[in-house]
There are 4 protein chains.
Amino acid sequence: MARGELGKEAKRKTILAAAVRVFAEKGYFGARMRDVAAAAQVADGTLYLYFDSKEDLLTAVLEEHAQAFVERARRDCARLADPRHRLHAVLERHLVSLEANRALATVFQIELRHSRKFLRRIAKGQVSQYLQLLQEIVASGVSQGIFRRELDPKVAARVIFGAVDELVTAWVLSQKPSGLKEQLAPLLEVLFYGLCGSESNEAHGKRGEP
Amino acid sequence: MARGELGKEAKRKTILAAAVRVFAEKGYFGARMRDVAAAAQVADGTLYLYFDSKEDLLTAVLEEHAQAFVERARRDCARLADPRHRLHAVLERHLVSLEANRALATVFQIELRHSRKFLRRIAKGQVSQYLQLLQEIVASGVSQGIFRRELDPKVAARVIFGAVDELVTAWVLSQKPSGLKEQLAPLLEVLFYGLCGSESNEAHGKRGEP
Amino acid sequence: MARGELGKEAKRKTILAAAVRVFAEKGYFGARMRDVAAAAQVADGTLYLYFDSKEDLLTAVLEEHAQAFVERARRDCARLADPRHRLHAVLERHLVSLEANRALATVFQIELRHSRKFLRRIAKGQVSQYLQLLQEIVASGVSQGIFRRELDPKVAARVIFGAVDELVTAWVLSQKPSGLKEQLAPLLEVLFYGLCGSESNEAHGKRGEP
Amino acid sequence: MARGELGKEAKRKTILAAAVRVFAEKGYFGARMRDVAAAAQVADGTLYLYFDSKEDLLTAVLEEHAQAFVERARRDCARLADPRHRLHAVLERHLVSLEANRALATVFQIELRHSRKFLRRIAKGQVSQYLQLLQEIVASGVSQGIFRRELDPKVAARVIFGAVDELVTAWVLSQKPSGLKEQLAPLLEVLFYGLCGSESNEAHGKRGEP
DNA sequence: AATGAATGAGCGTTCATTCAT
DNA sequence: TATGAATGAACGCTCATTCAT
């Protein structure tokens, strides 16, 4: 092992973690590469031995964590049969993961969305896979007769994602760093009723019943 | 109202509209003040007679439209008694308003969120009022016995907002410019079941009870 | 006339002159745009209102002066019939022009040749026109029976150009700033009569031996 | 000579040859030391075991080849008595040497002249010796009565050098890699007999009238 | 009120060089 | 001797903002 103390992969991680911290604190545009280098305790040029550009650094944050998250979520699901339990598990992981690293959450909820370009990249990549997972859960719930058959799994998946995402963003923006996971129960509560429904639930569309 | 006054306000609107178009097309950071000036057919310096800064221009877009939106939504609600009808009306307006002006939608869903600073401003301003409105609808629905009493109005409001917001963002990002309003029905469908519930809905948390 | 004191074209000239001075002193690569701006007493950004890039600045030096030089040389020639007089006039102008502005000469002899790209641009542009002029002079001299009929006008033109160019470069490199024009006479002398002179003009090598 | 010594010198040559190729292809400034290292198939740092700096690398190209060239030219001369034959031999070697290695020619004609500093180094070093040689040839030609006695050997030497140099540069810049040596004959022709030739050698202007 | 020429701070990236192994 | 990861100084260019007219 040469000049550096850490292996190559370890240094990559170090830089990435530093980038998350700096981006979270100053915002992507407010952050200078020099800040990231300083935070990672490497020279400016060293950053470019591990990442192609500032943008690549941001992209890497996404790839590194979102990938892993979706995989873990899928594995969680595989262990559970009931779609309600699955949803519970996935959303819990979602909230817990981000609550555990507020800086990372900030980058995910804010910095990664600063442009259509990035939003699209996310939308077509990891988020799309996440939505896919949610959609599968909904669909399997429907075919098991646990979720209402009228559900449009695509819209339902987006509703679920939108709901969690909004909660997380609100948490990131709030000054008091607390209580993300506590919102899991009420969130699920609303979602389950929406998904499960009941036979006696006179449809909304049939307004003006006797 | 003097002629000058009218001209002044009109020019302000012209600039603002130009800004929306330019921000939507190039993104806030990609857009140069010169681009906005050109789009509004005024000189660079003239922008500063109407707006303090580039940021102020973006802020003004928000204030101008979001304000009006929330007010209109409140007025809509005042005319309706059933919380379901109210929600229907508000969300319909939400979707229709943005579908009618894709550039504006782009600015709202993307450009206004590129930094914590702006997100906070939004969150504390118009979005907060919007959430407040939703919360009131939910609360009144609960007290009327139409929505489930277990609902946490705060979380429910966020879930609703998150869901619509996610749908709009997906629409903005999609290449094919179509079909936002069509998602209203399935959206409401999921939300109403979530909000209304039914007596036969054994709660998820209380699984396995007699 | 706005903020500045000078007209737009005048300021362009000012910047260009400053660039010539700075490039001559520090070399193209050694010169920073900031140096040029300072020398022209304008802000850094102002340079870019008049020139597209650092490279464009260098190119402009060429265009501005070389163009004019070739035109003047052509006009000089038009007034004279004897090709020897013409050559005399052209080369005199060449030497005098550059001797009058050593900084400009430096840029022409050195900085404009720092890369194949620039050399090609020069070679295909102004220098090519200059060579063309020389070639025409030689050709007309030949057809008038004043210059030897065996001459290859193309090679002759290059020989002439190469000779003057070398003298100028040597002068630019020499520390003592003097005496460029004085070399006109011996230069013409060699060019007109070559090395061998008349009486000994039995051909060199195998040609025309008794 | 130890095996190590031989290997060392051989690697030096390898690097130097690589440098010539890379400098010729990308230009001195466009070439990165890494490119040279890669071309020589050594590590970046290894270059610095053989050369002090990038500049030193360029300088070494000059020293290595120009030195040898001048020496060979001198040796050629020593074998010949007639100054015309000598000039013929020297210029032939000049053209042939460079035609044989276009990359080297490119470095000599272009890269070595990108700054006053380098031009001066060349002018004071090898070129100065070359000019000295040419001057001696001219001078001996004059004293032998073969060259005209009016010649200024210094100026004549520069004219000769400038002429060849210009031809070589034009050849380097031309896209079609052909025909440098073919220009020797017309070049010598002009140099020996000048433009005017014998019969018409009535002096130009007032000079040398009866 | 309107103009638009001028300003100048600010930053991502490159690459010659070093040095621990 | 050779390596190549690490260093960090250096710079062209952009663009929001100002202000003389």
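A few comments on the model shown:
- Among the candidates C:ARG79, C:ARG34, C:ARG12, residue that is within 11 Å of DNA strand F (Cβ to nearest atom), of a type in the set (Lys, Arg) and on the phi < 0 side of the Ramachandran plot: C:ARG34
- Test: residue in segment C:51-63 that is crowded, with 16+ Cβ neighbours inside 10 Å and closer than 30 Å to C:PHE192 by Cα: yes
- Residues located in segment A:80-126, provided they are under 28 Å from B:THR106 (Cβ atoms) and assigned to a loop (DSSP other than H, G, I, E, B): A:ILE110, A:HIS114, A:SER115, A:GLY125
- Boolean, A:VAL138 is in contact (Cβ under 8 Å) with a residue 40 or more places away in the chain, within 11 Å of chain B (Cβ to nearest Cβ) and touching a Ser or Thr at 6+ places or on another chain (Cβ under 9 Å): no
- Members of segment C:142-170 found to be of a type outside the set (Val, Ile, Thr), more than 7 Å from chain D (Cβ to nearest Cβ) and in contact (Cβ under 8 Å) with a residue 12 or more places away in the chain, listed by number: C:GLN144, C:PRO153, C:LYS154, C:ALA157
- Taking each residue of segment C:38-61 that is within 14 Å of chain D (Cβ to nearest Cβ) and within 29 Å of C:VAL127 (Cα to Cα) and looking for partners that are within 13 Å of DNA strand E (Cβ to nearest atom) and open to solvent by less than 40 Å² (accessible area, probe 1.4 Å) with beta-carbon atoms closer than 7 Å, six or more apart or interchain, yields C:LYS54/C:MET33.
- Within segment D:171-196, the residues that satisfy the criterion of being open to solvent by 20 Å² or more (accessible area, probe 1.4 Å) and more than 7 Å from chain C (Cβ to nearest Cβ) are D:SER174, D:GLN175, D:LYS176, D:PRO177, D:SER178, D:LYS181, D:GLU182, D:ALA185.
- Against the test of being touching a Phe, Trp or Tyr at 6+ places or on another chain (Cβ under 8 Å), in contact (Cβ under 8 Å) with a residue 12 or more places away in the chain and not assigned by TED's automatic domain parsing to the domain that holds D:SER143, the options D:ARG12, D:ARG84 yield a single qualifying residue, D:ARG12.
- Residue check for B:LEU58: under 21 Å from B:HIS114 (Cβ atoms) and within 12 Å of DNA strand F (Cβ to nearest atom): yes
- Consider segment B:123-136 and keep the residues that are touching a Phe, Trp or Tyr at 6+ places or on another chain (Cβ under 9 Å) and not polar (S, T, N, Q). The one that is modelled with the lowest pLDDT is B:VAL127.
- Entry remark, segment B:23-34: residues being crowded, with 18+ Cβ neighbours inside 10 Å and either over 15 Å from B:HIS114 (Cβ atoms) or touching a residue at least 24 places away in the same chain (Cβ under 8 Å) (or both) number 4 in total.
- When each of C:PHE108, C:PHE118 is tested for being more than 7 Å from chain D (Cβ to nearest Cβ), of a type in the set (Phe, Trp, Tyr) and open to solvent by 30 Å² or more (accessible area, probe 1.4 Å), the lone residue that passes is C:PHE108.
- Yes/no for D:ALA100 being touching a Leu at 6+ places or on another chain (Cβ under 9 Å) and of a type outside the set (Ser, Thr, Tyr): no
- For segment B:124-144, the set of residues classified as over 18 Å from B:ALA81 (Cα atoms) and crowded, with 16+ Cβ neighbours inside 10 Å consists of B:GLY125, B:GLN126, B:VAL127, B:GLN129, B:TYR130, B:LEU131, listed by residue number.
- In segment A:39-50, the residues that are open to solvent by 40 Å² or more (accessible area, probe 1.4 Å) and more than 10 Å from DNA strand F (Cβ to nearest atom): none
- Complete set of residues in segment B:153-210 that are assigned to a loop (DSSP other than H, G, I, E, B) and modelled with pLDDT of 85 or more: B:SER174, B:GLY179, B:LEU180
The values are calculated or read from the model by the stated rules, or taken from the named source; none is laboratory data. Only a predicted model underlies this, so the values are computations on that prediction, with no experimental measurement involved. Quick reminder, even Gly has a Cβ in these numbers, built from the backbone with ideal geometry, and neighbours come from all protein chains shown. Each accessible area value is taken on the protein alone, full model and side chains, heavy atoms only, with ligands, DNA and RNA left out. Shrake-Rupley method; radii C 1.70, N 1.55, O 1.52, S 1.80 Å.
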